[in-house]
Amino acid sequence: MSNISKAFGGSVALDSVSLELKPGTVHALMGENGAGKSTLMKILAGVHQPDSGEIRKNGEKLVIPRPKDALDLGISTVFQELSLLSNLSIAENMFLGREPITLFGTIDYAVMEQQTIEALQELGLTLDPSTLVSQLSIAERQFVEIAHGIKADAAVFILDEPTAALNAADVAVLNKHIARLRDAGKAIVYISHRMDEIFENCDTVTVLKDGQLVGTRPLADMTPDSLIAMMVGRELAHLFPERSTEVGEAVLDVKDFKLEAGSQPFSLKLCRGEILALAGLEGQGQQKFLRSLIGQFVPAGGVALIKGQSLKLPVAPSAGVRQLQALGVGYVPEDRKEEGLFLGLSISHNITIGLHSAHSALSFAKDYLKNITDTMASMNVKAAGITAPVHSLSGGNQQKILLGRYLAADVDVLFIEEPTRGVDIGAKSEIYKLLRSFAEGGGAVLVLSRETIELIGLCDRIYVVHDNTIVSEMRAEEATEHKILDAALSA
Amino acid sequence: MANAIYSGLVQRLLRVPPAIYVFLILLIILSISRPHMLNVNVMGIFIRQVVPLGILVLAQQLVMRVNSIDLSGGGVILLINYLISSSVFPGAPLWFFVPMALMIGTGIGLFNGYMVSKRRVSAVIVTLAVSIILIGLVQFLSSGKPPGDVPSIFSDIYNTKFWSIPTPVLFWVFLSVLMALFLARTVFGRYVSSVGANAQAAHFSGVPVERTVILAHTLAGLIAGIAALVQTASIAVGSVRVGLDLPILAVAATILGGVVFGRGEGGVSGPFFGVLSFALLFVVMTTFGIDDPGKLMAQGMIILLAAIFYGVRTAKS
């Protein structure tokens with residue numbers, strides 16, 4: 001791809017960017033959110049058309065008018081957004097638009113399911129191909145998506161944040177397949193915000209910033225620090241803020257909590273002034289525990305005290321979030337787009353709705369202008385104005401708006417699932433600082449995250465969760481990814 | 001740059017609810033073909049005819065903003081009309097009928113809301129079933145015969161005027177302003193737009209989603225009760241067929257007015273003009289000698305065009 005430019009409306013997304021992919025290499029594409037990575041890949045995949053510049057494959061000039069043409073030309077893509085249809089089965093999704101046909105012109109389900117089983121098995125998955133996608137976990141969906149992309153017999157593979165929803169064990173499986181594709185002489189483009197993956201998988205890195213090419217380097221010559229410096233244009237000395245040393249009284253006190261009837265009971269404490277993590281492999285009960293506090297999961301038993309007040313378990317699902325809010329606890333959901341934000345509504349609506357919901361429906365709605373501007377300023381949100389719809393913001397700014405809603409609502413305890421999912425490194429650092437200053441101001445934070453590095457860097461204390469119970473507790477400053485995995489698996 | 005200005009203009013024009021365009025086009029047609037009809041007295045009479053629809057549209061847009069729908073208005077209007085015009089409550093005064101109508105409407109709305117929100121039954125099915133039950137009930141009670149007359153006080157009020165504008169029209173405008181203020185100025189209004197935009201996100205922000213949907217349906221029932229009173233006053237006699245096409249017309253006028261399921265961009269004024277468009281449409285078609293079958297087809301076409309218009313707009317944004 002050479003000298004590719006693309007503008008949307010008035011804003012330039014790509015400014016004369018060139019990229020060369022060689023067979024048998026894994027090429028990392030990095031940059032903060034909004035740097036133009038996704039746009040560049042969407043041009044290669046035929047989703048967008050470049051305003052200028054050209055694409056050549058083996059010296060031949062290519063025109064890719066539609067996504068289907070990209071596939072025919074041997075360019076296969078796994079996009080960052082989950083694009084599966086949840087009301088269809090896995091097999092139906094895999095063969096969407098190119099279903100095998102029987103003699104009678106009906107869909108040949110037998111062939112479809114057999115090939116799906118094979119494709120999934122290559123990724124080490126044993127899922128029933130007739131399962132509806134809506135019944136899969138986010139990680140399983142991501143794998144089906146990857147199987148969908150990898151299955152096509154292409155020469156170029158684009159993986160746009162394939163691991164955003166995967167845990168460490170799943171990532172290892174994926175890495176194996178990336179290595180296999182590379183050894184088979186394929187060219188792979190790998191987009192990720194996770195440093196460790198980039199260094200583990202990739203040979204070359206191209207960095208974009210604000211739609212412009214910063215440079216292309218072999219990764220052997222790079223360190224994580226120098227790569228970050230290339231991305232943000234300065235050394236990021238401290239991605240994570242300093243830890244605190246003082247903790248106050250307990251705001252969440254959980255005793256003898258049993259998630260499932262057969263699981264081991266556990267206890268945990270969250271105190272003022274600290275940031276606490278629930279770490280471990282994905283789906284071991286971290287989220288089930290947190291969601292049982294808002295009534296979206298029914299635990300088998302136990303006691304949960306919030307600021308000394310006992311929660312009646314199981315919590316009523318329709319009242320759970322409001323009950324926590326009344327106690328000064330904000331619950332920040334994992335999925336920003338589905339569960340968090342009103343994408344089509346204004347920034348001000350998204351921030352103030354938490355404040356409004358503390359009042360009765362028939363009361364007068366205040367405008368909370370000062371709260372909105374204060375939140376935008378303290379969180380350093382970049383936006384055209386407070387009436388701009390949230391979907392017009394970058395991922396990092398969207399995440400800030402989501403957090404801002406709960407901070408503006410004047411809570412002093414935050415339960416957060418995935419504080420920085422799909423957020424660029426600059427915004428991550430800002431969010432970490434915000435959470436730390438929230439804790440230092442007497443708040444308490446309980447965090448779940450698929451990124452263990454994030455938990456280690458951000459938090460003060462880590463509980464390792466495995467098989468629906470807490471198997472270990474450690475100080476974050478002593479924790480490593482290896483120790484956490486070890487604690488989980490040796491339990 | 002010219003392109004940017006052009007697309008900005010198109011964007012702005014597309015944001016205007018289709019009802020405004022339809023209204024303007026019909027107004028132009030009328031002013032060319034029958035200019036003498038464009039005076040307060042004649043238009044007042046025509047607009048007065050659509051006031052029951054206009055009031056029911058206030059109910060419909062409220063539930064459509066929370067991604068629901070209410071098709072029970074036909075049954076509510078029929079039942080209330082029957083109870084007022086038949087001899088079930090002989091000689092009862094106005095102060096008895098009005099609270100009775102409002103209570104029936106509110107009760108049915110509450111039931112709809114409970115079923116849709118708590119029992120998770122499809123809103124189309126619940127409200128349609130309720131309407132069918134009510135229609136059947138009225139036919140059973142009346143044994144198919146039209147009931148008697150409506151107490152004359154109803155038509156006396158209906159025929160009054162202020163500053164040569166019919167009272168029902170003023171009443172409709174008053175209710176519309178009230179609804180606009182209610183949605184813009186109360187916490188409930190914020191709840192409604194939140195639930196419509198994303199019910200999950202609303203739940204996680206602490207919005208009482210179920211209660212919001214129940215309250216929207218309950219208020220819609222109350223408003224349907226008001227529409228029933230005005231409709232009853234307008235025809236002055238009892239009927240076993242009154243108001244049955246109103247719910248679907250209300251859906252049409254709401255969509256035409258730019259309030260689509262879960263999205264309230266047209267505001268309250270959009271659907272208001274949607275109703276006015278229907279009023280003018282009837283006038284224009286009558287003056288051109290087109291009968292009911294033709295009117296029905298035209299209504300259908302307008303609904304279809306509004307839907308296509310929204311398809312274009314969603315693709316653009």
Averaged over its residues, how many other protein chain Cβ atoms are within 10 Å of peptide A:316-322's Cβ atoms?
4
In the stretch B:68-177, which trypsin sites (Lys or Arg not before Pro) are in a loop and have at most 16 other Cβ atoms within 10 Å, using DSSP for the loop call?
B:118, B:119, B:120
Skipping prolines and chain starts, which residues have an amide H placed within reach, meaning under 5 Å, of the one on residue B:206, given they are 5 or more residues away or on another chain?
none
Listed here are the pairs A:209/A:483; A:382/A:433; A:6/A:370; A:269/A:337; which of them are more than 26 Å apart at the Cα?
A:209/A:483; A:6/A:370; A:269/A:337
Counting other C-beta atoms within 10 Å, which of A:146, B:214 has the fewest, and how do the rest follow?
B:214, A:146
Using only Cα atoms and rounding to the nearest 10 degrees, what angle (0 to 90) does helix A:347-356 make with the longest principal axis of chain A?
30
Taking H placed 1.01 Å from N in the peptide plane, check which residues at least 5 places from residue A:29 or on another chain put their amide H under 5 Å from its amide H.
A:190, A:191, A:192, A:206
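Net charge near residue A:449: determine it from the other residues with C-beta under 13 Å of the C-beta of residue A:449, scoring Lys and Arg +1 and Asp and Glu -1.
Numbers: positive: A:194, A:421, A:428, A:450; negative: A:282, A:334, A:417, A:418, A:451, A:454, A:481.
Net of charged neighbours comes to -3.
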What aspartates and glutamates does residue A:312 reach when the alpha-carbon gap must be under 18 Å and sequence neighbours fewer than 8 apart in one chain are set aside?
A:253, A:256, A:260
Enumerate the amide H contacts of residue A:271 below 5 Å, restricted to partners 5 or more residues apart or on another chain; note that Pro and chain-start residues carry no placed amide H.
A:251
Per its Cα gyration tensor (rounded if a/c is under 1.5, else prolate when a/b beats b/c, else oblate), the stretch B:18-316 is best filed as oblate
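Kindly identify the stretch B:177-241 as rounded, prolate or oblate by the Cα gyration tensor criterion: order the square roots of the eigenvalues as a ≥ b ≥ c, call it rounded if a/c is under 1.5, otherwise compare a/b with b/c, prolate if a/b is larger, else oblate. Could you put the intermediate results ahead of the total?
Working: a/c = 4.36, a/b = 2.47, b/c = 1.77.
Verdict is prolate for the stretch B:177-241.
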When the label point is put 7 Å from the Cα of residue B:163 along its Cα-to-beta-carbon vector, which residues of the stretch B:33-70 have a backbone N closer than 12 Å?
none
Rounded to the nearest 500, the 222 nm mean residue ellipticity computed for chain B from DSSP H runs (n ≥ 4, each -39500 (n - 2.57)) alone is -24500 deg cm²/dmol
Exposed chymotrypsin sites (Phe, Trp or Tyr not before Pro) absent: longest stretch of chain B, with sites in DSSP loops and at most 13 other Cβ within 10 Å deemed exposed
B:1-162
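Counting other C-beta atoms within 10 Å, which of A:459, A:271 has the fewest, and how do the rest follow? Walk me through the intermediate numbers first.
Details: A:459 28, A:271 18.
With the sparsest Cβ surroundings first, the list reads A:271, A:459.
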Chain A: C-alpha gyration tensor shape, a/c 1.5 cut-off, then a/b vs b/c
prolate
Given the Cα-Cα distance of residue A:313 and residue A:480 and 0.36 nm per residue of separation, how much length would full extension add, in nm?
56.7 nm
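Read-outs: derived from the displayed coordinates by stated rules, not from any lab. Given the structure is predicted, the values throughout are model-derived calculations rather than measurements. Cβ atoms come from the backbone with ideal geometry, glycine included; neighbour counts cover every protein chain shown.
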